[in-house]
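The values are calculated or read from the model by the stated rules, or taken from the named source; none is laboratory data. Every value quoted in this text rests on a predicted model; they were computed, and no experiment measured them. So basically every Cβ, Gly included, is an ideal-geometry build from the backbone, and we count neighbours across all protein chains shown. The protein model used for the area step is the full one, side chains on, heavy atoms only, and it has no ligands, DNA or RNA in it. Shrake-Rupley method; radii C 1.70, N 1.55, O 1.52, S 1.80 Å.
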Amino acid sequence: MSEALVRQRLDANPRDVEALLAMGELKVQVGDTRAAASWFRAAVRQAQVQPVASVLHPYLDRAARYIETAGAAFEAHLLATIGDAAEVPRVRHAIDLLTGRQELYLQQPSMFYFPGLPQRAFYERDEFPWLAEVEAATPAMTAELRERLADGEDFRPYVETSPDRPAPNNPLRDDNRWGAHYFWRSGERIADHADRAPATMAALALAPIPVIAGRSPMALWSILKPGAHILPHHGVLNTRLICHVPLISNPACGLRVGAETRGWEPGKALIFDDSFEHEAWNRGRETRVILLFEIWRPEIAAEERLALTRLFEAISDFGETQSGGAL
């Protein structure tokens, strides 16, 4: 097919998969790698959203292989050209995004977005001076947890159907494989649970947990049983960070936030922004249990925290209720 004919078809239908593939092949013939990859990428993407004739499938497979090969060559060229500059972490990240090695993830809270905050999926433990004392309480908190587990009473499901709201679209809805044992829920202290876990409550008192009528504090033991998978989702706010203090875990458990995956190691907290797409799984044989609570984002100033507290309470007064959405 001549280039003139291909362009004529594309003028008539810019989404013509066969014509997109043909234009890619024409660019391969003249050695224009970047243009060829661009046309092939458009063809592959279009084929994902519309039916295509089976005769085109081998050509789409070839296009996908070409895109992968061209991307690797492009990356190699960049790294060879800029040398040591590629080791600068944010430059390396930018290259990975440019070449498609990583997908771009951004904050996408399902309820409320506060502008101007850094796009960071994970925070590091040493950024929070109070956290070391919380982690030091892990043995005592784990003893309280094991005493509770020994009672034989199961945790309630983390995601529960409310008669006042549409049922959540979550495969673990009303399923206690993802369970919760609350100490604080929607700002209310659960006295029976809190009184039986004094070490846990003392540790929680060290953290800068928001106090918002009808919403926060929020703190619980979160249980994830073997085989359970919390599918990708977004939290409701980007004004908080979620803290996990692992009490019981195994190496086959994982937490992905954005493009990064980390595991839970007992006594070593994970702190993340759950307004990024995130998911978690337990592919091991032992149940995972973490102490989960939320804290204010450190970038939010005191006067902003006060204003946000009043705003969230005003939202609640209008009849809105907050769901969890963390792990």
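The residue that is surrounded by the fewest Cβ atoms within 10 Å (Cβ to Cβ), counting only those in region 147-194 that are aliphatic (A, V, I, L, M), in contact with a Lys or Arg (Cβ under 8 Å, 6 or more places away or on another chain) and more than 23 Å from ALA213 (Cβ to Cβ), is ALA167. Comparison of PHE312, PHE318 shows that the only residue that is among the aromatic types (Phe, Trp, Tyr) and open to solvent by 50 Å² or more (accessible area, probe 1.4 Å) is PHE318. If you check ALA47 against the conditions, is it touching a Leu at 6+ places or on another chain (Cβ under 7 Å), of a type in the set (Gly, Ala, Ser), in contact (Cβ under 8 Å) with a residue 24 or more places away in the chain and surrounded by 15 or more Cβ atoms within 10 Å (Cβ to Cβ)? Against the criterion (touching a Leu at 6+ places or on another chain (Cβ under 7 Å), of a type in the set (Gly, Ala, Ser), in contact (Cβ under 8 Å) with a residue 24 or more places away in the chain and surrounded by 15 or more Cβ atoms within 10 Å (Cβ to Cβ)), ALA47 qualifies. Looking only at residues in region 63-119 that are farther than 19 Å from PHE40 by Cα and of a type in the set (Gly, Ala, Ser), the one that is least open to solvent (accessible area, probe 1.4 Å) is ALA86. Restricting region 12-50 to residues that are part of a loop (DSSP other than H, G, I, E, B) and among the acidic types (Asp, Glu) leaves a set whose member that is nearest to GLY100 (Cα to Cα) is ASP32.
Quick one: is PRO58 open to solvent by 70 Å² or more (accessible area, probe 1.4 Å), farther than 30 Å from ARG305 by Cα and not charged (D, E, K, R)? Against the criterion (open to solvent by 70 Å² or more (accessible area, probe 1.4 Å), farther than 30 Å from ARG305 by Cα and not charged (D, E, K, R)), PRO58 qualifies. For region 153-172, the set of residues classified as over 21 Å from the mean Cα position of the chain (by Cα) and not in a loop (DSSP other than H, G, I, E, B) consists of ARG156 only.
When region 120-142 is filtered for residues that are farther than 22 Å from PRO298 by Cβ and surrounded by 14 or more Cβ atoms within 10 Å (Cβ to Cβ), the ones remaining, listed by number, are THR138, ALA140, MET141, THR142.
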